[in-house]
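The values are calculated or read from the model by the stated rules, or taken from the named source; none is laboratory data. Everything quoted here is computed from the prediction, not taken from an experiment. Backbone-built Cβ (ideal geometry, glycine too); neighbour counts: all protein chains shown. SASA here: full protein model, heavy atoms, side chains in, ligands and nucleic acids out. Shrake-Rupley method; radii C 1.70, N 1.55, O 1.52, S 1.80 Å.
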Amino acid sequence: MPNAPPLSIFRRMSAGTVHRSSITPVVNGEPKAMAAGSTVADLLCELGLDPRLVVVEHNRTILRDRTTYAAQPLASGDTIEIVHFVGGG
Amino acid sequence: MTTVVAPALDSPLVIGGREFHSRLLVGTGKYATNDDMTRAIEASGAEIVTVAVRRVNLQRSNDEGILHHLDPSRYFLLANTAGCYTADDAVRYARLGRAAGFNEWVKLEVIGDPQTLLPDTTGLLDATRTLAADGFKVLAYTNDDLITALRLEDAGAACVMPLASPIGSGLGLLNPFSIRTIKSRLTVPVIVDAGVGTASDACVTMEQGVDGILMNTALAAAADPVRMATAMRLAVEAGRLAYLAGRMPRREIAVPSSPTAGMLE
């Protein structure tokens, strides 16, 4: 799988706020600096999360197929929600 | 450990085409420790166990997820939409729960008021329609109102879950008449959800003829959750059997149990 980020990632970034080789998606409400070209799989790996135990929503779209995580590139300004099951009634 | 009423004495609980042998459903919230929770759930004999969907806390260790403590091959996990105040939010949470990959069931809550946690029945009906059309088995938490219950069934709910009393209140069954009415008019199973505080509440609730009870705080907030879970298992079975057995009529005069004939002169 080629990991090169699409050019749109660079165009979307506002000059001067983010290093050219990094991106800042918003993960669970907090900006997270990542290397450009990072995917959802990279994000989970970096956070130490087991993909089988979480659910990922990318820009309000739920990623139902975990096998697509490695092919799902992230960009600055993307909204990522990572949820899991907790105790509840 | 868990006993189940002998098949000859009761039939299975069928929800959405799936059979269950325990009529007690339990939540996983508010336990003092995860060990208390797992032992209480085991003692309850429950097969269906509810869980909530929340953000992973990225600041802390990832040990807080319930799947670290509950075996999903042993229990039927039922994701809830607790904390949702709109139909859209509830639909979003339901779909996130489904994406966890266990089943297409949801315990649907659309809350209308933070103080009473009573349902927003308009939002609840909207979300039920959307989710049922999307293939979900919807178990809808609602109030003890017959008309809403009938509309939920029409909207495609697989199970209607009227409250005994407000969530977490432990006030017991406040309106047995409404619950009996709902049960008598619906085709889908009726499971009383919320408000049961102790074993006698569970028994009286089951004696109304409902198909089951879902509870959380009654176990989690008991001084000894394992003992209370055992008591609830027995109470649900006792109440169910008493309902099936058919109680004697009430009389406001005494009727002797021993023969009146044959007394000494």
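Which one is nearest to the other protein chains (Cβ to nearest Cβ) among residues in the stretch A:64-77 that are part of a loop (DSSP other than H, G, I, E, B) and free of Cβ contacts under 8 Å to residues at least 60 places away in the same chain?
Checking each candidate, the answer is A:Arg64.
Scan the stretch B:73-89 for residues that are within 14 Å of B:Lys137 (Cα to Cα) and more than 9 Å from chain A (Cβ to nearest Cβ) and jot them down.
B:Phe76, B:Leu78, B:Thr81
Is it the case that the stretch A:78-88 has a residue that's modelled with pLDDT under 95 and either more than 14 Å from chain B (Cβ to nearest Cβ) or open to solvent by 60 Å² or more (accessible area, probe 1.4 Å) (or both)?
The answer is no, given that none of the residues of the stretch A:78-88 is modelled with pLDDT under 95 and either more than 14 Å from chain B (Cβ to nearest Cβ) or open to solvent by 60 Å² or more (accessible area, probe 1.4 Å) (or both).
Inspect the stretch B:237-260 for any residue being without any contact (Cβ under 8 Å) to a residue 60 or more places away in the chain, part of a helix (DSSP H, G or I) and within 14 Å of the chain's Cα centre (by Cα) and give the result as yes or no.
No - not one qualifying residue is present in the stretch B:237-260.
Restricting to the stretch B:143-172, name every residue that is closer than 19 Å to B:Thr205 by Cβ, open to solvent by 50 Å² or more (accessible area, probe 1.4 Å) and not hydrophobic (A, V, I, L, M, F, W, C).
Within the stretch B:143-172, just B:Asp145 meets the criteria.
So in the stretch A:38-63, with the set limited to residues that are loosely packed, with under 14 Cβ neighbours inside 10 Å and not polar (S, T, N, Q), which one is farthest from the other protein chains (Cβ to nearest Cβ)?
Filtering the stretch A:38-63 for residues that are loosely packed, with under 14 Cβ neighbours inside 10 Å and not polar (S, T, N, Q), the one farthest from the other protein chains (Cβ to nearest Cβ) comes out as A:Glu46.
Does at least one position in the stretch B:54-72 carry a residue that is more than 13 Å from every other protein chain (Cβ to nearest Cβ) and in contact with a Gly (Cβ under 7 Å, 6 or more places away or on another chain)?
Looking for residues that are more than 13 Å from every other protein chain (Cβ to nearest Cβ) and in contact with a Gly (Cβ under 7 Å, 6 or more places away or on another chain), one finds none in the stretch B:54-72, hence no.
Yes or no, residue by residue, for (1) under 30 Å from B:Asp71 (Cα atoms); (2) at pLDDT 95 or above:
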{"position": "A:Met1", "(1), (2)": "no, no"}
{"position": "A:Ile9", "(1), (2)": "no, no"}
{"position": "A:Thr17", "(1), (2)": "no, no"}
{"position": "A:His58", "(1), (2)": "yes, yes"}
{"position": "A:Arg64", "(1), (2)": "yes, no"}
{"position": "A:Thr67", "(1), (2)": "yes, no"}
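Across the stretch B:17-30, what is the number of residues that are within 8 Å of chain A (Cβ to nearest Cβ), in contact with a Gly (Cβ under 6 Å, 6 or more places away or on another chain) and either open to solvent by 40 Å² or more (accessible area, probe 1.4 Å) or of a type outside the set (Val, Ile, Thr) (or both)?
Within the stretch B:17-30, residues that are within 8 Å of chain A (Cβ to nearest Cβ), in contact with a Gly (Cβ under 6 Å, 6 or more places away or on another chain) and either open to solvent by 40 Å² or more (accessible area, probe 1.4 Å) or of a type outside the set (Val, Ile, Thr) (or both) number 2.
Residues checked against (1) part of a strand (DSSP E or B); (2) within 24 Å of B:Glu47 (Cα to Cα); (3) open to solvent by less than 10 Å² (accessible area, probe 1.4 Å):
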{"residue": "B:Cys84", "(1), (2), (3)": "no, no, yes"}
{"residue": "B:Arg92", "(1), (2), (3)": "no, no, no"}
{"residue": "B:Val106", "(1), (2), (3)": "yes, yes, yes"}
{"residue": "B:Pro114", "(1), (2), (3)": "no, no, no"}
{"residue": "B:Leu117", "(1), (2), (3)": "no, no, no"}
{"residue": "B:Ala127", "(1), (2), (3)": "no, no, yes"}
{"residue": "B:Gly135", "(1), (2), (3)": "no, yes, no"}
{"residue": "B:Val138", "(1), (2), (3)": "yes, yes, yes"}
{"residue": "B:Tyr141", "(1), (2), (3)": "yes, yes, yes"}
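Only one of B:Arg74, B:Arg98, B:Arg54 is free of Cβ contacts under 8 Å to residues at least 40 places away in the same chain, under 28 Å from B:Gly17 (Cα atoms) and buried (at least 16 other Cβ atoms within 10 Å of the Cβ); which?
B:Arg98
Does the stretch B:164-182 include one or more residues that are within 12 Å of the chain's Cα centre (by Cα) and outside any loop (DSSP other than H, G, I, E, B)?
The answer is no; no qualifying residue exists.
Quickly run through the stretch B:31-53 and pick out the residues that are within 11 Å of chain A (Cβ to nearest Cβ) and closer than 19 Å to B:Tyr141 by Cα.
Residues satisfying the conditions are B:Val49, B:Thr50, B:Val51, B:Ala52, B:Val53.
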